[in-house]
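None of the figures in this text is laboratory data; all of them are computed from the coordinates on show. Since the model is a prediction, treat every value here as computed from it, not as a measurement. Neighbour counts run over all protein chains shown; Cβ positions are idealised from the backbone, glycine included.
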């Protein structure tokens, strides 16, 4: 069990306050939705947790480790998985090879043995390929293991991105607009999948998403940001009925 | 659980690597018997092709896979040449020892180049590496007591175990290193380093969020690439048997880059094809009076306009693969 | 002594800046580093020389016609070589410009041979200005003035006109450009035309300072890139100042430190600057949403 805590985090971009004194925490095993109108600072907050953006003030902690003092690759090494809004995959590699990228820490062989492809390299590659095959089965895309990513539909690419996070032995998963660009059956599949994965691996999920039916079905708790400030935090039914939340979204609707 | 949407009949499955192995075997066999048909000049050209192919393999790892441009590879080629030549002729080491030791020395320099390069991209990286190339080249030029400066360095034929290495011997040595280099590059491109480098090229943020240590991989790519280039330099020194700092200039670095782009960025076969093109095409055009440069330039432009993925990329697409 | 060195450095830096501006216009709008820019400028300069020497046109007429030649040349290069490469790896386009570089050099060699010519300048025999006891050649003043005028013109063009705005959008974001109804192909053609025009003017100003031959621009091209990077490629004034700084630095290092190592020291300075400011002194990082 772990606890991810955002403590008084502020981020300034050249005088613009992207985040102002945001604090909340959640445990592994829980699913938290992070919502708010465009420009509320949701992606900035995810970037702060992942170590991509450094907070101007405050800190992000995973149990005792201070994530906001580390770089992105070190944060990932501590078990924080990140799935991007647009999956960044190597298009001319196969699905399997793309997933193998996520095994690179566990592979752990040295450069010289890699150049010479000594037998232990072979063995570890085979083991990793086995884990990749398990994940592919788990995601329901085992059939396309050898397909080149450039030939796959968008929904599959998002699943591959999720698969990479699963291979990393994570305690927390950060999802940035996971259902943007997906069709209804794909959304239903992903919702079920996330519930099952949470049960199986026990990680916590922080999800940024605009689709309210999806968010309220998936999450047991919602955190709302508006103009960089936390304006609501609680159960979906309560939060979505909150006057300030409605006002911030109505404001956006009026602008649009 | 609900199974994913049906994905029957996905296009573009990748075939196994069997045909590539056969092709590589055929190529090596052909290269082994080639000296029996060639005259001295032909053999020289073929050795030069093998040497440039080793550079192209290394540079392609850096530029084609990791997406890092370098304009200092001619200088690293030169440092490799000088290090090997000096260790052999001045320190009296056996050629087969000074070659890898000289290359390791150059690798350290290549890794040092990478450190400032970590923050730079594209043209900024190109100019910084260009600057390193100039600095290395001028250092060879100015360190007269060791390198002979602008007067250059004449070399006696190398010996291996007491036997003098003739043109044919040097060719087979270069070929052996090329085969080793091919083997290494093939493994690396398919192993964890190659995969990580390709994602770094695509998106550094995505790579970092998978726990990939970007800086370490970039330095590794520079170092491995420098090692290949320096081995080639050590072979080149004894192919031409006279080296001069002037020859390791930016023009040659640009030549190396054009080899891998003509052949195909991020492909192993492209490195070989590109080196072959770069050496052989100007030779074929030698007969055309007054205009070899013109025709070479036109061919270069046409290859790029009609085959922007390079000759190897085009061939692969033509054969319906990938 | 030091004042003379600085003035000489500024004059040289100005020549770098001319070529650099041509390169940067193309680079910022199409992302392609045009390695043929120098040879395109060389060809334009030879064309101007032909107009002057063989046709006997007056200087100003010859220069005006040559400038149009440079513009047309840029558009032709874009249509024939660059347009088919839109969407291909940028490095492929860059290597294609290297090929063009070789082609143009050979073509000029076939027409004019490899001997040197003296390119006239109306300012060559004017008495130098004296600023605080330092002689400043008129050509340097003209070069600086023309350089600043080009920067001003380009900035106004990019800021004020609809075409220019569209081109800036194209350089920032191709989707936005399309939404604005700007054709990428068209803005790329305009950029190459402008690059050819400015490069041609640069060649005509450079030629009197050195001798005109087919290798007129070879060394200048690399210096132009280096100066541009030093200043920051996405700011025209930064490019200009970067090139001036490079010229001065070169002159000072070769006079006071080591004549032959001067170039290497200059590059060490550039590398040091880039480590501190990876986007150049006046450059800014292009913000892109992750």
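Which log10 I(q)/I(0) values does the range A:1-152 give at q = 0.13, 0.16 Å⁻¹ under the Debye formula, counting every alpha carbon as one identical point scatterer? Computed log10 I(q)/I(0) values: -0.79, -1.02. For the range A:1-129, the relative contact order works out to 20 percent when only alpha carbon pairs closer than 8 Å and six or more residues apart are counted.
Counted by neighbouring Cβ atoms within 10 Å, the residues C:205, A:194, B:21 run from fewest to most as B:21, A:194, C:205. Structural descriptor for the range B:33-249: relative contact order 44 percent, calculated from alpha carbon pairs under 8 angstrom and at least 6 residues apart. Once the convex hull of all Cα atoms in the range A:91-168 is built, its volume per residue stands at 83 Å³. According to the Kirkwood relation over distinct C-alpha pairs, the hydrodynamic radius of the range C:1-146 is 17.4 Å.
Roughly what % of DSSP beta bridges within chain A run antiparallel, to the nearest 5?
Working: 21 of 38 bridges.
DSSP beta bridges in chain A are roughly 55 percent antiparallel.
With axes computed from alpha carbons, what is the tilt in degrees of helix A:119-139 against the longest principal axis of chain A, rounded to the nearest 10 within 0 to 90? Once rounded, the angle reads 40 degrees.
Measuring nothing but alpha carbons in the range B:162-302 and taking Rh as the Kirkwood radius, the Rg to Rh ratio lands at 1.03.
Taking every alpha-carbon pair under 8 Å whose residues sit at least 6 apart, the range C:2-276 reaches a relative contact order of 39 percent. Peptide B:133-145 is shielded by partner chain Cβ atoms: per residue, an average of 3 of them sit within 10 Å of its Cβ.
Counting neighbouring beta carbons within 10 Å and listing from fewest to most, the residues A:82, B:286 come out as B:286, A:82.
For C:75-81, what's the mean count of beta carbons from other chains sitting within 10 Å of each residue's beta carbon? Display every interim value, and only then the final one.
Working: counts 0, 0, 1, 0, 0, 2, 4.
For peptide C:75-81, the averaged partner shielding equals 1.
Only helices enter this figure: runs of n ≥ 4 DSSP H residues, each worth -39500 (n - 2.57), summed and divided by the residues of chain B, yield -23000 deg cm²/dmol at 222 nm to the nearest 500. Over the range A:129-192, all Cα pairs binned in 10 Å intervals from 0 give whole-percent P(r) values of 19, 55, 26, 0, listed from short to long. With Cα atoms as the point set, chain B shows a radius of gyration and Dmax of 20.5, 76 Å.
Estimated purely from DSSP H runs of n ≥ 4, each contributing -39500 (n - 2.57), the mean residue ellipticity at 222 nm for chain C is -23500 deg cm²/dmol once divided by its residues.
In terms of its Cα atoms, the range B:28-161 spans 49, 39, 24 Å along the principal axes, sorted from long to short. When A:69, C:250 are arranged by Cβ crowding within 10 Å, least crowded first, meaning fewest neighbours, the order is A:69, C:250.
The DSSP beta bridges internal to the protein assembly as shown are antiparallel in roughly 65% of cases.
Among C:200, C:228, C:133, which one shows the biggest mean-square fluctuation in a GNM of chain C, springs joining Cα atoms closer than 10 Å? In the Gaussian network model the winner is C:133.
Stokes-Einstein diffusion for chain A, with the hydrodynamic radius set to the Kirkwood value over Cα pairs and evaluated at 25 °C in a medium of 0.890 mPa s, equals 127 µm²/s. Size estimate for the range C:32-104 follows the Kirkwood approach: the inverse of mean 1/r over distinct Cα pairs works out to 13.1 Å.
Distance distribution note for chain C: the fraction of Cα pairs above 26 angstrom is 44%.
Please give the per residue volume of the convex hull enclosing the alpha carbon atoms of the range B:212-269, rounded to a whole number of Å³. Before the final figure, lay out the partial values.
Details: hull volume 6.7 nm³, N = 58.
Here the figure is 115 Å³ per residue.
The angle between the Cα long axis of helix A:154-166 and the longest principal axis of the Cα atoms of chain A comes to about 80 degrees, rounded to the nearest 10. Taking only Cα atoms, what is the 0 to 90° angle, nearest 10, from helix A:184-201's long axis to the longest principal axis of chain A? Tilt of helix A:184-201: around 80 degrees. Taking the inverse of the mean reciprocal distance over all distinct Cα pairs, the Kirkwood hydrodynamic radius of the protein assembly as shown comes to 29.8 Å. Taking every residue in A:124-130 and counting other chain Cβ atoms within 10 Å of its Cβ, the average works out to 1.
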